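Colleague: Just dropping this structure here.
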Amino acid sequence: MNPQCARCGKIVYPTEKVSCLDKNWHKGCFHCEVCKMTLNMKNYKGYDKKPYCNAHYPKTSFTIVADTPENLRLRQQSELQSQVKYKKDFEESKGRGFSIVSDTPEMQRLRRTQEQISNAKYHEDFERARGRGGTPGLDDHSMERYHLTVSSCRSQRVYRALYDYAAQDHDEVSFRDGDVIINAQPIDEGWMYGTVQRTGKSGMLPANYVESCN
């Protein structure tokens with residue numbers, strides 16, 4: 001059964017269908033909400049699941065406030081506070097000194113990757129032991145560590161982009177509608193830090209442009 005057009009409500013046949021923004025459109029109905037200019041998959045910009053041309057894309061609603069010097073300062077301060085908390089938690093869990101170099105976003109990403117590999121190894125060892133009817137090689141301390149690492153892995157959030165976003169600053173990351181955001185961490189109200197799986201790039205991104213996949 002052929003779907004209906006999101007614009008005119010009439011049946012859309014395969015030869016004239018444009019599937020975008022989780023909807024189906026006639027090619028002629030897929031136009032800018034403001035100027036009515038006909039768009040295609042290469043030149044449209046999605047906002048609130050509606051198509052816009054580049055000139056009328058309502059990007060200012062997300063950048064004016066965030067780009068003021070005061071808000072940039074507050075955002076940087078919040079990011080520093082987040083790093084300080086991570087440093088404190090890490091020192092408490094390890095019981096030894098912490099290098100300030102490890103607080104960079106890139107080092108945090110590498111550390112999370114190493115932790116995920118370690119988690120997978122513990123999970124594999126546990127499953128093998130359970131399949132033999134026992135837990136040889138896993139003492140009480142190892143079992144406790146296993147449960148803690150699995151809980152940590154499960155607590156990591158994965159998000160999916162709802163709209164396209166173009167980075168507005170050097171510490172932000174661009175992504176497209178449908179991209180998967182991994183290793184996401186809330187920074188402050190309205191912003192988070194994460195890695196775009198498709199490009200491998202990490203940076204700040206607006207929280208209201210993505211939805212949780214967990």
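The values are calculated or read from the model by the stated rules, or taken from the named source; none is laboratory data. The model shown is predicted, which means the values in this text are computed figures rather than measured ones. Please note: Cβ atoms are built from the backbone with ideal geometry, for glycine as well, and neighbour counts cover all protein chains shown. With ligands, DNA and RNA removed, areas are computed over all heavy atoms of the protein, side chains included. Shrake-Rupley method; radii C 1.70, N 1.55, O 1.52, S 1.80 Å.
Colleague: Ranked from the most accessible area to the least, with a 1.4 Å probe and all protein chains present, what is the order of Val210, Val158?
Modeller: Val158, Val210
Colleague: Between Val180 and Leu74, 0.36 nm times their residue separation minus their Cα-Cα distance comes to what?
Modeller: Length gained between Val180 and Leu74: 35.4 nm.
Colleague: Here is a further query. Within the set of other residues whose C-beta is less than 10 Å from the C-beta of Pro3, count the net charge using Lys and Arg as +1 and Asp and Glu as -1.
Modeller: +2
Colleague: Amide H to amide H under 5 Å from Tyr47: which residues, 5+ apart in sequence or cross-chain, H placed 1.01 Å off N in plane?
Modeller: Answer set, sorted by chain and number: Tyr52.
Colleague: Calculate what fraction, in whole %, of the accessible area of segment 1-41 sits on carbon and sulfur atoms when a 1.4 Å probe is rolled over the protein chains.
Modeller: After summing per-atom areas, the C and S share lands at 54 percent.
Colleague: Please work out the average accessible area per residue across segment 159-212, using the 1.4 Å probe convention, and give it in Å².
Modeller: Numbers: 2390 Å² over 54 residues.
Value for segment 159-212: 44 Å² per residue.
Colleague: What do you reckon, how do Thr199, Thr38 stack up by accessible area (1.4 Å probe), largest on top?
Modeller: Thr38, Thr199
Colleague: To the nearest 10 square angstrom, how much accessible area does Asp22 have with a 1.4 angstrom probe?
Modeller: 110 Å²
Colleague: Moving on. Where does segment 159-212 land on the Kirkwood hydrodynamic radius, alpha-carbon pairs, in angstrom?
Modeller: So the Kirkwood estimate lands at 10.5 Å.
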